[in-house]
1. Which whole number gives the average, over all residues in B:155-161, of C-beta atoms from other chains lying within 10 Å of the residue C-beta?
2. Place a label point 7 angstrom from the Cα of A:D214 along the Cα-to-Cβ direction, then list the residues of the stretch A:255-278 whose backbone nitrogen is under 18 Å away.
3. Mean projection of the alpha-carbon convex hull of the stretch B:19-203 over all orientations, in nm²?
4. Considering the options B:M154, B:G93, A:Y199, tell which one lies farthest towards the positive end of the dipole of the protein assembly as shown, charges being +1 on Lys and Arg and -1 on Asp and Glu at the Cβ, about the Cα centre.
5. Express the C-alpha Rg of the stretch B:177-218 as a ratio against the empirical globular expectation 2.2 N^0.38 Å, rounded to two decimals.
6. Mind computing the radius of gyration and Dmax over the alpha-carbon atoms of the stretch A:117-268? Å is fine for both.
7. If you average 1/r over all unlike Cα pairs in the stretch A:190-261 and invert the result, what Kirkwood radius do you get in angstrom?
8. How far is B:G157 from the same spot in each other copy, in nm, shortest first, if each label point sits 7 Å from Cα toward Cβ?
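Laboratory data are not the source of any read-out in this text; all were calculated from the coordinates shown. Computed from a predicted structure; not experimentally measured. Positions of Cβ are backbone-derived with ideal geometry, glycine not excepted, and every protein chain shown enters the neighbour counts.
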Number of protein chains: 2
Amino acid sequence: MNKIDTVLANSTQLLKKKSLHVIKIGGNVIDNSENLYHFLKDFEGLDGYKILVHGGGKVATQIAEELGIEAKLVDGRRITDIETLRVVTMVYGGLINKNIVAQLQRFGNNAIGLTGADGNFIRAKKRPVKTIDYGFVGDMDEQSINPQNISRLMEAGFTPVFCALTHDGEGQLLNTNADTIASALAVSLSSIYETTLIYCFEKKGVLLDINDEDSLIREIDPEHYEELKTRRIIHSGMLPKLDNAFTAISCGVKAVIIGKSDDLGQLKNNQPFGTRLSKNA
Amino acid sequence: MNKIDTVLANSTQLLKKKSLHVIKIGGNVIDNSENLYHFLKDFEGLDGYKILVHGGGKVATQIAEELGIEAKLVDGRRITDIETLRVVTMVYGGLINKNIVAQLQRFGNNAIGLTGADGNFIRAKKRPVKTIDYGFVGDMDEQSINPQNISRLMEAGFTPVFCALTHDGEGQLLNTNADTIASALAVSLSSIYETTLIYCFEKKGVLLDINDEDSLIREIDPEHYEELKTRRIIHSGMLPKLDNAFTAISCGVKAVIIGKSDDLGQLKNNQPFGTRLSKNA
């Protein structure tokens with residue numbers, strides 16, 4: 001290479017965004033200590049920057065029951081009253097989050113357990129009361145994220161582990177959907193990193209036949225997605241998940257992968273993992 | 001100033017350690033929301049780097065009772081069995097810690113709530129079983145602290161808020177005395193920062209007469225301390241606290257202040273606050 005080529009190559013290298021994986025796990029991983037162990041080991045093994053977002057699991061419900069706090073439902077919708085907020089702050093922010101951190105540290109990953117209040121990373125808005133008062137629930141989108149603060153934490157060598165809590169900036173913690181947190185983080189941080197968003201759930205990915213795990217669809221691009229919807233192949237429960245995923249992609253996320261937590265190790269080994277959604281399949 | 005003087009002055013400035021306050025609060029502050037509010041506002045107002053360490057408070061006992069977990073005592077010593085560890089992980093690491101963080105954020109302080117597992121900041125050893133099995137209790141000293149990791153977090157712009165939990169590096173969280181955490185943090189970080197350790201408690205400081213808050217002793221140096229001990233002026237309950245404080249000072253901490261949380265604001269205003277222990281009064 002001559003000098004100019006070298007300079008250009010170096011600039012491209014410098015301009016190339018670093019890779020980030022934002023990975024969300026739910027109750028099906030958290031409630032099973034063996035699944036969780038294997039998932040966290042695989043998570044630790046992934047190269048590049050990474051962020052873990054975890055939901056609740058059954059333990060919050062169990063502890064609420066033991067404390068005599070009844071689940072509040074209005075028109076079938078779950079309400080986060082002040083008692084329930086206390087329980088989820090204890091269970092999500094304390095019990096689950098800090099045990100995940102201790103496990104990740106054991107595997108050599110320099111994890112830090114967080115709510116959205118920590119580092120002012122996620123500032124949400126208490127859901128306005130219309131027909132239903134949802135209580136201490138936080139609504140948010142990618143504008144609620146502070147990507148510079150999160151980036152500073154990662155560049156200092158730490159791996160953020162977020163539970164499903166945010167704050168309003170006025171001292172109030174808020175219960176917030178973990179899927180929403182994960183996708184907002186991915187969209188917001190795609191301004192700094194080349195970001196892949198991974199949703200771990202109980203199936204291997206998007207299936208042609210919901211009862212046949214071998215019918216996994218490996219890749220879907222927007223055109224293919226429209227076709228699958230028209231042919232009514234995609235299961236109705238998957239539609240909001242996939243709509244949100246393609247929205248995230250149109251907002252800057254490189255790819256969204258939907259897969260089984262057990263299979264995350266395949267990503268490290270460059271084997272296909274789950275269903276990969278991207279602009280160009 | 002001539003050139004050499006300017007260079008020397010700049011070098012001295014560079015060599016001068018930055019100031020750090022490590023402040024410990026206990027149940028008497030945490031259990032009273034008004035006290036806590038004022039303390040956190042004063043904490044936010046302090047200049048320089050700062051670390052908050054908080055103990056438990058009555059809420060852990062209350063929640064344990066509500067969950068039907070009885071306090072385990074052996075020979076009058078409190079035992080942390082696995083059920084109690086779950087409760088303190090929820091209450092210290094979740095409920096108390098994250099609410100303190102949300103309050104500090106409200107006041108504009110960029111706090112991050114931590115256990116010793118986060119960032120591998122504090123790695124303790126499970127207390128060996130001799131005559132008593134204390135359960136999941138972590139023993140530690142300044143060697144257990146990772147000052148580089150904590151400094152990286154602070155240099156990235158965050159204020160660490162530690163609860164009284166550590167880990168063993170093998171995935172196990174451990175219940176650990178908050179006073180011990182605070183003094184170990186102060187000693188360890190004195191290699192990087194000019195560190196002042198502050199213990200907030202219910203009295204104004206070290207009193208000549210325990211029943212007279214006006215009998216506050218403003219400053220004690222080692223010589224004066226020996227004299228006070230000889231004259232049996234210092235209350236017996238204060239002796240271990242003061243012994244530990246002078247040990248911390250002999251290990252590099254610039255000063256230890258023992259005072260009332262309500263009065264912390266005086267520090268900001270350069271007014272005398274509590275009893276100041278140092279090498280040279």
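1. Values: counts 2, 10, 6, 9, 1, 0, 1.
Taking the mean over all residues of the peptide, I get 4.
2. Those under the cut-off are A:274.
3. Values: hull surface 42.3 nm².
With the hull built on Cα positions only, its mean projection is 10.6 nm².
4. B:M154
5. Relative to the rule-of-thumb radius for its length, the stretch B:177-218 sits at 1.50.
6. Calculated on Cα positions, Rg and Dmax stand at 17.2, 49 Å.
7. Details: mean 1/r = 0.0782 Å⁻¹.
Kirkwood radius, the stretch A:190-261: 12.8 Å.
8. Label-point separations across copies, in nm and ascending: 2.0.
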